[in-house]
Amino acid sequence: MATPVDSAEPPTLSSLQHRHLLDLSTYSADEIQLILATAREFRSVLDRRIRRVPTLQGVTVANMFFEPSTRTKLSFGLASGRLSAETVSFSKSGSSVKKGETLKDTAQNIEAMKVDMVVIRHSSPGAPHFLSRCTNSVIINAGDGAHAHPTQALLDILTMSEHFDAFEGLNVSIVGDITHSRVARSNINGLTALGANVTLCGPKTMMPVGIEAMGVRVTHRLDEALEGCDVAMALRIQLERQDEGLFPSLREYHTRFGITRDHLTRHPDLLIMHPGPVNRGVELESEVVDHERAIILSQVTNGVAVRMAVLYLLAPGSRTEHAGRTG
């Protein structure tokens, strides 16, 4: 088991080597640590009476959300506002997309309004990568299909770092629908880059074939996944997928893979996380959601700090901009 943390080591990098945040699979451990360190600085800003800094004055951020979102959309909006950036919001409903406009045309029209950065959530995997090739704006992936959700993984990792002194040897179990989870994939990329041990647990029908190639351990038994575990992250069961026959019933899923008070009793050092929204009584027993060892609300708060850090580090004209940055 890992040891509680009092402080974090300073990052070895002073700038990111990427121009965009599309996926954590191409980010080095040093770059991830730089984002975490910057987020910790901004986390202190959120505890002030005046929670705004002039860091990104003159920068315009477009939030383009083609899928429903609560936490991520609000978090990015708050993050850009806290940094004093101008923000414009776009949603699929009521837009020209409903009239047949393509993603490329929509993005290029928004860019023509002199937008510097685009935060995009889209149901199609690869949509942020596509935009990075057809626009000049900085692109930040806020979730693309079942592919990636890098800022969610970063806020999860930041939350873990508040409780443990290092990621090397940290045991993290991710439980649930791995096949359809962009959160799981991004967390695997980020955690393994930092040296953590990742175990995946869920029904066989929700486990991608060959996922072990990402450097993870796979089990279909929750007790095995929680043995020696430091952090258990439960994933939301997408109720709309129940009709696909991936599991017999919500009751049976909870019986086999739901984390309960009994699990907390048997594993007294275990911390519980969830990217939200939580289906109480399915992924987590209701009492577990409200337990002191559930750090779900800390994840939400840290989401604003992480997104402030990402916007700051990638913003055009920031101290990180240099010719050597890649996609």
For LYS114, counting only aspartates and glutamates whose alpha-carbon sits under 13 Å away and dropping same-chain residues fewer than eight positions off, the answer is GLU86
Highest GNM mean-square fluctuation among GLY169, GLY210, GLY303, for the chain with Cα springs under 10 Å, belongs to GLY210
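Pairs of Cα atoms under 8 Å, at least six residues apart: use those to get the relative contact order of the chain, whole percent. Mind showing how you got there, number by number?
On the way: 623 pairs, mean separation 76.7, N = 327.
Relative contact order of the chain: 23 percent.
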Placing one equal point scatterer on each C-alpha of the chain and summing with Debye, one gets log10 I(q)/I(0) at q = 0.09, 0.10, 0.15 Å⁻¹ equal to -0.46, -0.57, -1.26
Exposure proxy check on VAL88, VAL172: fewest-to-most Cβ neighbours within 10 Å is VAL88, VAL172
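For ASN197, what charge total do you get from the other residues with a beta carbon under 10 Å from its beta carbon, if Lys and Arg give +1 and Asp and Glu give -1?
Working: positive: ARG217; negative: GLU168, ASP230.
Net of charged neighbours comes to -1.
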Along segment 35-48, Karplus-curve 3J(HN,Hα) (6.51, -1.76, 1.60; θ = phi - 60°) to the nearest Hz, with x for Gly and Pro, reads 4, 5, 5, 5, 5, 4, 5, 6, 4, 5, 5, 5, 8, 7
Comparing VAL288, VAL198, VAL61 in a Gaussian network model of the chain (Cα, 10 Å), the one with the largest mean-square fluctuation is VAL288
The alpha-carbon pair-distance distribution computed for segment 163-294, with 5 angstrom bins and whole-percent values, is 2, 11, 23, 25, 21, 13, 5, 1, 0
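Rule-based calculations on the coordinates, nothing more; no lab input. These figures come from a predicted structure and were not determined experimentally. Positions of Cβ are backbone-derived with ideal geometry, glycine not excepted, and every protein chain shown enters the neighbour counts.
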